[in-house]
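Visitor: Encoded as C-alpha cells, here's the structure I'll be asking about.
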Amino acid sequence: MLVLGVNFGFHDPSAALVADGRLLALAEQERFSRRKRAPLEMPLDAVTACLETAGVRPADVDAVAWGWDVDRFDPPLPPAPHLDPANALPAGFDPAPPVTPVAHHVAHAASAFWASGFPSAAVLIADGQGEREATSLGVADESGVKLLATYPVNASLGHFYRGAAQYAGLERGASRGEGKLMGLAAYGRPVDAMPLLTGDGQLALDPRVRVPHTADTRSEMRDALRRWWTTHTFPYVSGNTAEQMAYVNFAASAQAALETALVNLAAQARHLTGQRRLVIAGGVAQNCSANAAIVEAGHFDEYYVLPVPHDAGVSYGAALAVAHAEALRTGTPFRPQRLDHAYWGPDVRPEQVTAALHGSGLHAERLPEEELLGRVAAALAEGRIVGWYSGRAEIGPRALGARSLLADPRRRETVLRLNTLKGREVWRPLAPSVLAERFDEYFEAGLASPFMNVRAMTRPAVRSRIAAVVHVDGSARPQAVNRADSPRYWSLISAFERLTGVPVVLNTSFNLAGEPIVNTPAEAVRTFLAGQLDLLVLQDRLVTRPEPADPGSAG
C-alpha cells in the first residue's frame, strides 16, 4: 500500500511517501520555496519531489494522510484556504484519494515509534501544541499508538520555551530563537526556579504563566516571564556586564526548567507504561540538551529521537498511522524500517550540476573519488571552509553530511569566521561529526546519535584537539557517522584523520542566515559565491574560483 503523508495548515509543510510502512522519500516545502519553515504554505513542491524521488505517479498513491485533525480544535478553527485538503496536492491527482486526518500527537508518536525499530516503547511528545494538547505520554506496540495522558495548550512547554526566547530578544523575523536560547544557556547559571512546577511526574505552570488558550498565548507567556524575571534578578542597565549576565542566567534558568519538566515527564511515562524503551518527538525534541537530560536521568534502558521530530515529521507519522491501520484491517503487509540515517530527501541529477556551473565563471574538476576526498581533506586541514553537497538530502533541521559546510575542528578561530560568514551570533556553538567507532574516545553520552540531536560532554583530554566544536561548558552536539549509513562522508572524515590524527570534522548547515538549507546545486553555487567559501564539492566535482590574473604578466 502506497500512502502519501502531508503536513500543512500552520508551519513546516512537508510530504512523505510510505510503501507498506517503509519510507521512500520525505521532503520539506521550505527547501523549495526558500521561506524558513514555510508558514501557511501547501506542500505542493514537496509532494512532487517525493513522487519523483520514488519514481511513482499520483495515480499510484492509494491513500493520503494529514498530520492534523482540525475538527478536534476547540474552539473550532474558521475555514481557510491553508486548511483545505483540496489545496494540498499538486496537479495530477485526478481524482485525488480521500485525505484521512490523523491527530497531531498521534502522528508525532507514530513517526517516532515506527522509526525506532523497537517492538514496544513509551512515548513522550512535547511541542507548541497539537489540536487540544501540548504534551502527551503514551505507549506504542504492534497494535499501534495509545496516548495515556495529555496536558493542555496553556501548559505548553513549547510555547513556554519559545516565549522565553522571544523575551530574551533572540527571535527576529523568520528566524526562531529556541536554538539560540539553548546555546546561550551554557554561558549562565540557573537563578532560583523558573515558573514551571513539576511534582510526582505532573506538569503545571505557575499561575502567573498559566494562560487561556488564545491566539496570543506566547505573548502572554512573555509578559508573565518578564514579571517573574524582574523579581529574581538585578535590573537591566544597557550595555554593562550585569545586563549580559541577566540574559545568560535567564537562558540557563529557562533551559533548566525545561529539562526538569521533561525528566519528570519521562519518569511519569515509565510509571504509566512499564516500558524499558522511550521514543521522543515534537518540536521540543529538537532541544539536544533536554534530550541528553532525559537520557542521563536513566528512567529507561533505550531511547530514540528521530531526525525529523518537529512538525515536518508528522507527514511521515500520519502516513505510517494510516498504513498501519489499513494493514490491521485488511491483513496487508506493514513493514516499517528503523531510521538509522537521515538521507531520505531529494537526490540530485547530473544535469542539475552541469546547469548550475554553466556560466558561473567557476573552475570545476570531475575527479576520481579517492582523489577528491583526499584533496578536500587536505583543504580542511589547511583551514579552508568547504561547501559539501553530496547525494540525497538530509531530512530535518540538522545538516548531517549531505548539505553541509565543513571545516577543521582544531582551529578555534574557525568559529568566528563561520558564524560571521553565515550571519550568526558569534557566541553560537558549532557541531562535530565524528566517526562512530571513535565516538567514545572523544565524547561522553548516554546515546551516540547519528542525527546530532543529543548533547554530549567532550572528554577533557581531547578538548584542546577539537576546540572549534566544544561549547563554553565543555559540551558538544556530535553526529556519530556510521560507515554503513553514510559511506562517503565517513570516508572523508577518515581521510581527514589520516592527515591530522583527528577523526572529527566541524559540520554546520549549508545556508546563510535566515535561509533554509540549500536544496539544489544552483543554490549551492550561489551560497558558495555569496558566503565566500573556499571550496565547493558538487557530487563528483571539485569547484574553485579561478585564479586571479597576474597583473605583472601583461605585455
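Visitor: I'm spelling it out carefully: the read-out is semi-axes √(5λ) of the Cα gyration tensor in Å, the candidates are (1) 44, 29, 21; (2) 36, 31, 22; (3) 41, 25, 21, and one was derived from this structure. Which label?
Guide: (2)
Visitor: Which shape class, rounded, prolate or oblate, goes with region 431-555 when its Cα gyration tensor gives a ≥ b ≥ c as root eigenvalues, a/c under 1.5 marks rounded, and past that a/b bigger than b/c marks prolate?
Guide: Prolate shape, in that a/c is at least 1.5 and a/b is the bigger ratio.
Visitor: What list of ³J(HN,Hα) values in whole Hz, one per residue of region 302-318 in order, does the Karplus curve 6.51 cos²θ - 1.76 cosθ + 1.60 (θ = phi - 60°) give from phi, with Gly and Pro shown as x?
Guide: 9, 9, 8, 10, 6, x, 10, x, 7, 5, 4, x, 6, 4, 5, x, 5
Visitor: Quick one: length gained pulling residue 366 to residue 62 fully straight, 0.36 nm per residue minus the C-alpha distance?
Guide: Numbers: separation 304, 0.36 × 304 = 109.44 nm, distance 4.18 nm.
The residue 366-residue 62 span can extend by a further 105.3 nm.
Visitor: Let me ask another. Sorting 457, 42 by accessible area (1.4 Å probe), largest first, what list results?
Guide: In descending accessible area the options line up as 457, 42.
Visitor: Okay, next question. Among the aspartates and glutamates, which fall within straight-line cross-link reach of residue 36, defined as a Cα-Cα distance under 14 Å, with same-chain neighbours fewer than 8 residues apart omitted?
Guide: 12, 28, 171, 311, 515
Visitor: Explain nothing, just the number: dipole magnitude of the chain about its Cα centre with +1 on each Lys and Arg Cβ and -1 on each Asp and Glu Cβ, in debye rounded to the nearest 20. The partial results should precede the final answer.
Guide: Details: 53 positive and 59 negative charges, 240 e Å.
That gives the chain a dipole magnitude of about 1160 debye.
Visitor: What whole number of Å gives the distance from the Cα centroid of region 279-356 to the Cα centroid of region 472-500?
Guide: A separation of 22 Å, based on Cα centres.
Visitor: On to the next question. Rank these by accessible area, largest first, 1.4 Å probe: 146, 422.
Guide: The ordering from most to least exposed comes out as 146, 422.
Visitor: Moving on to the next point. Separation between the residue 301 and residue 463 pseudo-spin-labels, each 7 Å from Cα along Cα→Cβ, expressed in nm?
Guide: Modelled inter-label distance: 3.5 nm.
Visitor: FRET efficiency for residue 328 and residue 545, Cβ-Cβ distance as r, R0 = 60 Å, nearest 0.05?
Guide: Details: r = 58 Å, r/R0 = 0.96.
About 0.55, to the nearest 0.05.
Visitor: Distance from the Cα centre of region 23-47 to that of region 51-97, in angstrom?
Guide: Taking the Cα centre of each part, region 23-47 and region 51-97 sit 13 Å apart.
Visitor: How do 171, 370 rank by accessible surface area computed with a 1.4 Å probe, from largest to smallest?
Guide: Descending accessible area places them as 370, 171.
Visitor: Let me ask another. Would you mind computing, in nm to one decimal, how far apart the modelled labels at residue 148 and residue 532 are, each placed 7 Å from Cα along Cα→Cβ?
Guide: Result for the modelled spin labels: 5.6 nm.
Visitor: Here is a further query. Counting only other residues whose beta carbon sits under 12 Å from that of residue 70, what net charge do I get with K and R as +1, D and E as -1?
Guide: -3
Visitor: What is the extension gain from residue 382 to residue 513, computed as 0.36 nm multiplied by their sequence separation minus the C-alpha to C-alpha distance, in nm to one decimal?
Guide: Gain on extension, residue 382 to residue 513, equals 44.6 nm.
Visitor: Which shape class applies to region 126-192: rounded if a/c is under 1.5, otherwise prolate when a/b exceeds b/c and oblate if not, where a ≥ b ≥ c are the square roots of the Cα gyration tensor eigenvalues?
Guide: Working: a/c = 2.46, a/b = 2.12, b/c = 1.16.
Prolate.
Visitor: If r is the Cβ-Cβ distance from residue 440 to residue 94 and R0 is 56 Å, what FRET efficiency results, to the nearest 0.05?
Guide: 0.55
The values are calculated or read from the model by the stated rules, or taken from the named source; none is laboratory data. Since the structure is predicted, the reported quantities are computational estimates derived from the model, not experimental observations. Here the Cβ is made from the backbone with ideal geometry for all residues, glycine too, and neighbour counts use every protein chain on show. The protein model used for the area step is the full one, side chains on, heavy atoms only, and it has no ligands, DNA or RNA in it. Shrake-Rupley method; radii C 1.70, N 1.55, O 1.52, S 1.80 Å.
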